[in-house]
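Everything on this sheet refers to the single structure shown next.
The values are calculated or read from the model by the stated rules, or taken from the named source; none is laboratory data. Quantities reported herein were computed from a predicted structural model and do not represent experimental measurements. Every residue, glycine as well, gets a Cβ built from its backbone with ideal geometry; the counts of neighbours run over all protein chains shown. For the accessible areas, the whole protein counts, side chains as well, though only heavy atoms, and no ligand, DNA or RNA atoms are used. Shrake-Rupley method; radii C 1.70, N 1.55, O 1.52, S 1.80 Å.
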Amino acid sequence: MRSRTIRVLVADDQMLVRSGVRGILEAADGFAVVGEASDGRDAVAITRAMDPDVVLMDIRMPGMDGIEATRRITASMQARVLILTTFDIDDYVYGALRAGASGFLLKDTTPQQLLDAIEVVAAGEALLAPSVTRRLIGEFTSRPTDAAPVPIGPLAITAREREVLTLIAEGLTNKQIADQLYITEGTTKTHVGHLLTKLDARDRVHLVIIAFQAGLA
């Protein structure tokens, strides 16, 4: 059992889904469901009131959808948002990524994968490893944009940090980055931390977006 309980809010318009997720979390050690929301507006309000660590957010909900709710939560609160969606490749997901979501899962995921994902996001990481997320990131970043690349000046990050950022954008884990650059995993984590601070990024997903906007990948 971990030393700290992860507090979770479940936001989905289907009661059966909310009940199922609650059952999975309550049956596992180290997780607590602090609330349920049936639409985005309630998700924002309950997040503000209960301050969960992670919000499991559906995308298609009545009234305020999950994208707008994610945007409001990540803009002014500490909770991290993990999208739980039915759709494999979906325009709504790209919007949620831009809005600040820290990861994505499909609703056919296994209970253990759900628990693992919540742990990853609660720890401040982004869910970039699963194949669905790699495809989503790939689709998002391959789309043409009218905006010119936003350069990251040499004074903003070091040459080594730029290398790390480029590899993050390729979806590599800290261990894979360490192996490729012949540095320790601890040093890699330090570089990632510096990138998050210097570039004012919320998490790895945000770093991926910044890297592609800067034309680094």
Legend entry - Residue ID - nearest to the chain's Cα centre (by Cα), chosen from residues in segment 191-206 that are surrounded by 14 or more Cβ atoms within 10 Å (Cβ to Cβ) and β-branched (Val, Ile, Thr): Val205
Legend entry - Residues that are open to solvent by less than 30 Å² (accessible area, probe 1.4 Å) and not in a helix (DSSP H, G or I), drawn from segment 57-69: Met57, Asp58, Ile59, Met61, Met64
Inset, instruction - Could you tell me whether Ile46 is of a type outside the set (Asp, Glu), out of contact with any strand residue (DSSP E or B) (no Cβ under 8 Å at 6 or more places or on another chain) and open to solvent by 10 Å² or more (accessible area, probe 1.4 Å)? - result: no
Inset, instruction - Determine whether segment 70-84 contains at least one residue that is open to solvent by less than 30 Å² (accessible area, probe 1.4 Å), outside any loop (DSSP other than H, G, I, E, B), at pLDDT below 85 and out of contact with any Ser or Thr (no Cβ under 7 Å at 6 or more places or on another chain). - result: no
Legend entry - Number of positions in segment 19-43 that are open to solvent by less than 30 Å² (accessible area, probe 1.4 Å), closer than 22 Å to Gly100 by Cα and not hydrophobic (A, V, I, L, M, F, W, C): 2
Legend entry - Criterion violated by Ala147 - all others in (1) part of a loop (DSSP other than H, G, I, E, B); (2) modelled with pLDDT of 70 or more satisfied: (2)
